[in-house]
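As structure tokens, the structure follows; a few thoughts come after it.
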Amino acid sequence: MNAIPNAAKVAALVSEPSRAAILTALLDGRFHPASELAFMAGVKPQTASFHLAKMVDANVVAVEKHGRHRYYGIRDEEVARVMESILSIAPPVKIKSLKQASEDRAVRFARTCYDHLAGNLGVKLTESLLNSGVIGEEENAFTVTKKGEEFFEAFQIDLKLVRKKRRSFSHKCLDWSERRHHLAGALGNALLERLLELNWMERLPKTRAIKITADGKKGLKETFSVEIE
């Protein structure tokens with residue numbers, strides 16, 4: 001029994017509502033101070049610091065020190081993938097206000113999942129790449145076709161550099177709100193970063209939701225045949 005990984009320790013981390021809320025907030029892929037995470041999770045700063053210390057100790061959350069300040073973020077894409085999978089089977093939160101309903105719609109439409117695009121838009125972009133033959137599909141991952149090599153080169157994504165990253169290249173990530181897969185891994189990250197670089201999308205403060213710009217609506221339609229109302 002001593003050789004079995006201590007899954008209960010990790011499971012206990014996400015079973016506590018405040019820690020689960022903090023981890024969900026960290027799925028935006030950014031590093032945040034404890035005070036900001038406390039606000040996002042609806043708990044006191046001391047409470048957030050207590051929970052963050054436990055998650056750092058469990059190697060689920062990473063911490064960076066900048067002078068007197070500490071910033072916390074998801075350790076790596078594997079932790080983010082597990083959290084996204086948990087969210088896909090979790091019961092929906094009861095909507096109690098117009099503000100909450102608006103935030104829920106925004107997150108479901110387009111959001112970051114650690115460092116790649118998720119939500120309805122993330123799934124639609126993935127389906128567009130599949131339908132156009134840019135990527136192929138395997139059991140647990142996507143593959144780049146010959147046509148895809150040309151597409152990504154034209155879209156100014158250097159696949160050679162992307163493949164050199166010490167991480168999964170293009171695995172499937174189950175989208176919790178859509179219940180379908182979107183493109184993740186190093187390629188998913190490169191695609192999101194390119195969309196942000198083109199100013200087709202913008203990150204929003206204190207949320208995982210992604211804003212689509214006017215240029216983005218035009219570019220997504222022309223490049224991916226994805227229309228945004």
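Stretching K147 away from K217 to a fully extended chain increases their span by 22.8 nm, per 0.36 nm per residue minus the current alpha-carbon distance. Compute a Gaussian network model of the chain, connecting alpha carbons closer than 10 Å, and tell me which residue from E36, E77, E127 fluctuates the most. Most flexible of the set in this elastic network: E36.
The stretch 83-168: D in µm²/s via Stokes-Einstein (Kirkwood Rh, Cα pairs, 25 °C, 0.890 mPa s)? In µm²/s, the coefficient rounds to 160.
With contacts taken as Cα pairs under 8 Å at a separation of at least 6 residues, the stretch 114-229 carries a relative contact order of 26 percent. Largest accessible area first, the residues L87, L183, L98 order themselves as L98, L87, L183 under a 1.4 Å probe with ligands, DNA and RNA left out. Here the Gaussian network model covers the chain, with springs between Cα atoms less than 10 Å apart; of G136, G29, G67, G67 fluctuates the most. To the nearest 10, the accessible area of W176 is 40 Å² with a 1.4 Å probe.
Rounded to the nearest 500, what is the chain's calculated 222 nm mean residue ellipticity when only DSSP H runs of at least 4 contribute -39500 (n - 2.57) each, over all residues? Mind dumping the intermediate values first?
On the way: 11 runs with 116 residues, N = 229.
Per the formula, -15000 deg cm²/dmol.
Within the stretch 31-141, the percentage of alpha carbon pairs spaced more than 25 angstrom apart rounds to 37%.
Measuring nothing but how far apart in sequence close Cα pairs (under 8 Å, 6+ apart) lie, relative to its length, the chain scores a relative contact order of 17 percent. The lysines within cross-link reach of K124, meaning a Cα-to-Cα straight distance under 23 Å and a gap of 8 or more places when in the same chain, are K146, K147, K172, K211, K217, K218, K221. Relative to the current alpha-carbon distance between E227 and Q156, full extension at 0.36 nm per residue lengthens the span by 23.4 nm. The heavy atoms of D215 offer some 90 square angstrom of accessible surface to a 1.4 angstrom probe. A straight line joining the Cα centroids of the stretch 44-86 and the stretch 12-30 runs 8 Å. Quick one: in the stretch 100-143, what % of C-alpha pairs are over 17 Å apart? The share of Cα pairs beyond 17 Å in the stretch 100-143 comes to 43 percent. Measuring nothing but protein heavy atoms, the accessible surface of the stretch 132-193 at 1.4 Å probe radius is 48 percent carbon and sulfur.
Quick one: what do you get for the stretch 144-192 if you divide its Cα Rg by 2.2 N^0.38 Å? Kindly include the intermediate steps, with their values, before the conclusion.
On the way: Rg = 11.6 Å, N = 49, 2.2 N^0.38 = 9.7 Å.
Normalised Rg, Cα atoms only: 1.20.
The values are calculated or read from the model by the stated rules, or taken from the named source; none is laboratory data. None of the values given here were measured: they were computed from a predicted structure. Ligands, DNA and RNA are stripped out before the accessible areas are found, and what is left, the full protein with its side chains, is counted by its heavy atoms. Shrake-Rupley method; radii C 1.70, N 1.55, O 1.52, S 1.80 Å.
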